[in-house]
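A quick write-up on the structure given underneath.
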Amino acid sequence: MKKIKYSLLALIAATTLYNCTAEFEEINTDPNRLESISPASLLNPILYGVTNHNSYSAWHNRTAHFMQGIVPFPSNDALGYHRYWVTDAIGQTMWDNHYRWLKNIDEMEKAAIAAGDVNYQAVALTLKAWCFANLTDCFGDIPFEEALKGDEGVLKPKFQRQQEIYKAVLGYLNQANTLYDVSKPMIYAPDLLYANKVDKWQKLTNSLHLRMLLRVSDVMPAESAAQLNTILNNPATYPVFTSTADDAILINTGVAPNITPWPRIQDYAADKKLSTFFVDQLLAWNDPRLPIWATKALDKDKKDIGYKGIPSGYAFNEGAIDYTPSAPHNNTALAPMKNIVMTYAEVEFIKAELAFKGTITGDAAVFYKNGVTAAMKVWNATPPTAYFENPKVAFNNTLEQIITQKYFALYFTDNQQWMEFNRTGFPKLPLQPNLYNDGKMPVRYPYPQDVKRQNAENYQQAVTQMGADDINTRVWWNIQ
């Protein structure tokens, strides 16, 4: 029987963490190899590995700083992502994490095809599209067709243009949708995201499709508009999220091995505060999510002074801040903790934007209100009485308002706040003087150093194609 190589991490996860199937009882004498594998064997390790990385690293350590959610404090470092100081190291963990799990997704897809299991094949295609989209959105041109062929001797994969990758990714999602068969159960142990509910997985596939079509709508307007309308006008064929019950949120239960990315909860908010932009916007809206996400500030005598952030990108001496600013609330990271892949709220904001632009029919104000309400429900909150009558909340038929509310709906959703800012220019973030990079938001990650060293020839070709390996080199779809 052909032996398939896996990392020790994946093997441990598959055999001890999730107990997916009895097929794991037969293990070769080599602990890094499996004799056989079911289509579901790696699904939970993949879900856990990618979502935990995205919550811990992609959001908390990078996007939240760029997007003025989190500000380092106290800190003796005058640099930092909140000041747009970016090194080649910023994307290393994302590159490594996503490619590691993409290899396992590829093996999952092959196993599903061999088993004739169309639902697991569709899930694998969906995860592959999601992970490759995450990578190319952050880096631009990346290894793609040759990226997962190390066991075939391809150790220096060629980079491909982002437009080619997006074409393939959109194709994966179309193919996945045609494969789902809700009459056939997913027969293995319940997956961590949807507990083997095929209809929920199909909705995620098509909802992610909406996200990716919107992302490329400025560079392929006719094609994206046509496909967006095809999906939204044919719910029987292309079901999408229709309520918060469909939300793709992996819950870290806190019961080993499904622990949160912050096993020491004190590390979650250590040396971090919330920005003035983040806090003041929620205060202006009288938003019920503020006490869920933030602690109260304290004066120098440790007395409660309400919610008060700190300016992101500050260059002044920390001693000028004579209070303890609001910090990220530990409750956000305590088990049961939410690792968000995509929500119904995001779908409604997508529809609000499309209706506002006239791409689809429908009332943008209704979609907007649905999106706000659903975004609050994720955090077990509801809009207060007269919330939508607040002049700062009431729909004013602008893209800025839609995206500003979407910014908060995307809280804890990997790099999506940053991606949406790069696509639209919203929300309008207040900029402090003396920022690095001339005060310009970085629009991509530089390639990691080990990629430059180990795959130098193909790296250089990618740089030539894109123009420069620079944080200001726009990716293909970013033309705003």
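The values are calculated or read from the model by the stated rules, or taken from the named source; none is laboratory data. Given the structure is predicted, the values throughout are model-derived calculations rather than measurements. Glycine also receives a Cβ, built like all others from the backbone with ideal geometry; neighbour counts cover every protein chain displayed. Areas reflect the complete protein model, heavy atoms only, side chains present, ligands, DNA and RNA absent. Shrake-Rupley method; radii C 1.70, N 1.55, O 1.52, S 1.80 Å.
The residues listed here are I321, I350; of these, the one that is more than 22 Å from K392 (Cβ to Cβ) and either touching a Pro at 6+ places or on another chain (Cβ under 8 Å) or at pLDDT 95 or above (or both) is I350.
Taking segment 298-324 as the range and being closer than 21 Å to Q266 by Cα, touching a helix residue (DSSP H, G or I) at 6+ places or on another chain (Cβ under 8 Å) and either part of a loop (DSSP other than H, G, I, E, B) or among the acidic types (D, E) (or both) as the test, the residues that pass are Y307, K308, G309. Taking (1) surrounded by fewer than 14 Cβ atoms within 10 Å (Cβ to Cβ); (2) in a loop (DSSP other than H, G, I, E, B); (3) not basic (K, R) in turn, E457 satisfies each apart from (2). For segment 255-290, a residue qualifies if it is in a helix (DSSP H, G or I) and under 23 Å from the mean Cα position of the chain (by Cα), and the qualifying residues are I265, D267, F277, F278, V279, Q281, L282, L290.
Being of a type in the set (K, R), within 18 Å of P45 (Cβ to Cβ), in a helix (DSSP H, G or I) and open to solvent by 10 Å² or more (accessible area, probe 1.4 Å) is true of K128. Please determine whether any residue of segment 230-247 is assigned to a strand (DSSP E or B), surrounded by fewer than 21 Cβ atoms within 10 Å (Cβ to Cβ) and touching a residue at least 12 places away in the same chain (Cβ under 8 Å). No; the residues of segment 230-247 include none that is assigned to a strand (DSSP E or B), surrounded by fewer than 21 Cβ atoms within 10 Å (Cβ to Cβ) and touching a residue at least 12 places away in the same chain (Cβ under 8 Å).
Figure legend. Inter-residue proximity from segment 445-464: first residues over 17 Å from G150 (Cα atoms), second residues of a type in the set (G, A, S) and open to solvent by less than 80 Å² (accessible area, probe 1.4 Å), beta-carbon distance below 8 Å, spacing 6+ or different chains. Indicated pairs: Y445/G91; P446/G91; Y447/G91; Y447/A462; P448/A89; P448/G91; Q449/A89; A462/G140.
Can you find, within segment 136-156, the residue that is surrounded by the most Cβ atoms within 10 Å (Cβ to Cβ) among those that are in contact with a Lys or Arg (Cβ under 8 Å, 6 or more places away or on another chain) and within 17 Å of N97 (Cβ to Cβ)? Applying the filter and picking the extreme gives D137.
When segment 144-164 is filtered for residues that are in contact with a strand residue (DSSP E or B) (Cβ under 6 Å, 6 or more places away or on another chain) and either aliphatic (A, V, I, L, M) or part of a loop (DSSP other than H, G, I, E, B) (or both), the ones remaining, listed by number, are F144, P157.
Every condition in (1) closer than 28 Å to N252 by Cβ; (2) free of Cβ contacts under 8 Å to residues at least 60 places away in the same chain is met by Y323 except one, and the failing one is (1). Contact annotation: residue pairs with Cβ atoms under 8 Å, 6 or more positions apart or on different chains, pairing a residue in segment 421-439 that is without any contact (Cβ under 8 Å) to a residue 60 or more places away in the chain and of a type in the set (S, T, N, Q) with a partner that is assigned to a loop (DSSP other than H, G, I, E, B) and surrounded by fewer than 14 Cβ atoms within 10 Å (Cβ to Cβ), are N422/Q480; T424/Q480. Is it the case that segment 174-184 has a residue that's open to solvent by 70 Å² or more (accessible area, probe 1.4 Å) and under 22 Å from A456 (Cα atoms)? Looking through segment 174-184, none of the residues is open to solvent by 70 Å² or more (accessible area, probe 1.4 Å) and under 22 Å from A456 (Cα atoms). Of the helices (runs of 4 or more DSSP H) entirely within segment 345-453, those holding at least 2 residues that are among the small types (G, A, S) occupy 364-378.
Hey, among the residues in segment 74-95 that are open to solvent by 40 Å² or more (accessible area, probe 1.4 Å) and touching a His at 6+ places or on another chain (Cβ under 9 Å), which one's nearest to K184 (Cα to Cα)? Among them, the one singled out is T93. If only residues of segment 270-284 that are open to solvent by 10 Å² or more (accessible area, probe 1.4 Å) and in contact with a helix residue (DSSP H, G or I) (Cβ under 8 Å, 6 or more places away or on another chain) are counted, the one that is nearest to L429 (Cα to Cα) is Q281.
In segment 388-403, the residues that are open to solvent by 40 Å² or more (accessible area, probe 1.4 Å) reach residues that are part of a loop (DSSP other than H, G, I, E, B) and modelled with pLDDT of 95 or more with C-beta atoms within less than 8 angstrom, at least six apart or across chains, in these pairs: F388/A394; F388/F395; E400/F426; E400/P427; E400/K428.
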